[in-house]
Every structure is written in structure tokens, then in C-alpha cells.
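Below: one structure, written as C-alpha cells.
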Amino acid sequence: MSASKDNVPADANEHCPGPESAGAGKAAGCAGCPNQEICSTQASGPDPDLALVSERLSGIRHKLLILSGKGGVGKSTFTAQLAFALASNDEREVGVVDIDVCGPSVPKIMGCEREEIHRSSNGWSPVYVQDNLAVMSIGFMLPDEDSAVIWRGPKKNGIIKQFLKDVDWSPTTDYLLFDTPPGTSDEHLSVVQLLRDSGITGAVILTTPQEVALQDVRKEIDF
């Protein structure tokens, strides 16, 4: 059975069997694919947690990805400023998910880097910068701001999944913004697949005017 085009990453090999197939990451057509490692280590078949993610996020009106193929162009700064701007209307509820697992800078930029995550019967409670502005980042879980996160794809996928299905996001959230790392790697594949059922409203792609930045950012458009 051929893979559905909706499930195949844009940068996958021509004969990709599909990330949910039994041969994902192991078939001959997977050799040399940039997604081979993450596909080979995840469970085959539809992810049972997708339904939980979809249920948790069902009431959120807009989900926006902040992307760029290049690092250092201001994604985290833009995400924070957009979040503050949206939350300036007291009638809106805004959430920020920092999925830059290895370089979580959102807590610092939003002035909440010393906060901690608390667990309740409803799941993890995000950190509230304002009454209507919530933030979740792995930065809140590190022993100090200089601690390095050295994780392979499956572990990154796991923490991003927890941010979506285990965090007690308000069911009346109007905007959920996702600050992503540079490129089109594990974090991007994970969040797109996890949001497949609940839907992505759109994306904002950032760049600077230099050709060396534009060269990388153009690749993000097809992703």
C-alpha cells in the first residue's frame, strides 16, 4: 500500500513508505532520508496519542507556527512580541509553546525564566506571564539556564507530545503560538504530525535580507 501524500514529509525520499507504515525508516527506500532515524525509532501504525492531542487542543481557535530555515533571525523574539501584542486585548487568551528543545530562549525573552512548572490533576500547568498569556518550555525544567539538552529525535518528539497532550491549556485559548528551532528537523516533523488532526491555522516564516539567510529560508516554504 502506498503512503498517503498527506503523511509523507516534504523532504522524504521518492519511494517513502510513509512514517506510519511498518517499514518506516527500515525499507530500502528510506536509505539516506533525513527522517530515517526518527521514523525507525517511533512505533509503527497511527499514533494512539494523536486523539488525546486533538481532544486537548480542540477548543483552541488558532495554532500558528513561527518558522525559519536560518538561526538567529529573531523567531523567539517575534514569537514573544506577537504573543504580548495578541494578549494586550484582555478578552483574548494566548499560549506560547517553545519547541526549540535544545535552545529554549522564550522564558528569558518573556521574563519568566526562573519560574517552575507545577502538576495538577488536569496535567502540567503552564507558566502564566499575564492572566491571559501562558508559556510552556523545556527551559522551565532545566536545573539552570546553562544546562545543555543533548537529545536524539525520539526524546524530542516525546517532550513535544507532552507539551500538547499533558499541559492544561485553557480550552478557550484563542491563539497558540509555536516557537520552532531553525531548519526542518525532528521538532518540525513532530509538531506537524501531532497537530494533523486538530489542525494548523498557518505559519509565519522569518528571515533577514542577506542572501545566505534567504537561501535557507526558501527551503522552509516547501516544508
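The values are calculated or read from the model by the stated rules, or taken from the named source; none is laboratory data. Everything numeric in this text was worked out from a predicted model, so none of it was measured. All Cβ positions, even for glycine, are placed from backbone atoms using ideal geometry, and neighbour counts span all protein chains on display. We work out accessible area using only protein heavy atoms, side chains counted, and drop any ligands, DNA or RNA first. Shrake-Rupley method; radii C 1.70, N 1.55, O 1.52, S 1.80 Å.
Some points to look at:
- Cβ-Cβ contacts under 6 Å between residues 6 or more apart (or on different chains), taken from a first residue in segment 155-173 that is small (Gly, Ala, Ser) to a second residue that is crowded, with 17+ Cβ neighbours inside 10 Å, are listed as 170/93.
- Look at (1) open to solvent by less than 40 Å² (accessible area, probe 1.4 Å); (2) out of contact with any Phe, Trp or Tyr (no Cβ under 6 Å at 6 or more places or on another chain); (3) not in a helix (DSSP H, G or I) and you find that residue 111 fails only one, number (1).
- Residues of segment 193-206 classified as buried (at least 18 other Cβ atoms within 10 Å of the Cβ) and either of a type in the set (A, V, I, L, M, F, W, C) or closer than 13 Å to residue 67 by Cα (or both), total: 3
- If you check 183, 158 for being part of a loop (DSSP other than H, G, I, E, B), surrounded by fewer than 19 Cβ atoms within 10 Å (Cβ to Cβ), under 18 Å from the mean Cα position of the chain (by Cα) and not hydroxyl-bearing (Ser, Thr, Tyr), only one passes: 183.
- Some residue of segment 32-43 being outside any helix (DSSP H, G or I), closer than 22 Å to residue 162 by Cβ and at pLDDT 90 or above: no
- Cβ-Cβ distances below 9 Å connect the following pairs, each with a first residue in segment 203-218 that is closer than 17 Å to residue 179 by Cβ, a second residue that is open to solvent by 100 Å² or more (accessible area, probe 1.4 Å), and a separation of six or more residues or different chains: 205/221; 207/218.
So that you can scan it fast, the table gives a plain yes or no per residue for (1) within 21 Å of residue 56 (Cα to Cα); (2) open to solvent by 10 Å² or more (accessible area, probe 1.4 Å):
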site: 85; (1), (2): no, yes
site: 99; (1), (2): yes, no
site: 102; (1), (2): no, yes
site: 105; (1), (2): no, yes
site: 115; (1), (2): no, yes
site: 121; (1), (2): yes, yes
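- Selected residue [open to solvent by less than 60 Å² (accessible area, probe 1.4 Å) and more than 15 Å from the chain's Cα centre (by Cα)] from 143, 126, 209: 126
- Just one of (1) of a type outside the set (Lys, Arg); (2) closer than 15 Å to residue 206 by Cβ; (3) in a helix (DSSP H, G or I); (4) in contact with a Leu (Cβ under 6 Å, 6 or more places away or on another chain) fails for residue 53. It is (2).
- Positions within segment 67-83 being closer than 17 Å to residue 135 by Cα and surrounded by fewer than 22 Cβ atoms within 10 Å (Cβ to Cβ), in sequence order: 77, 78, 81, 82
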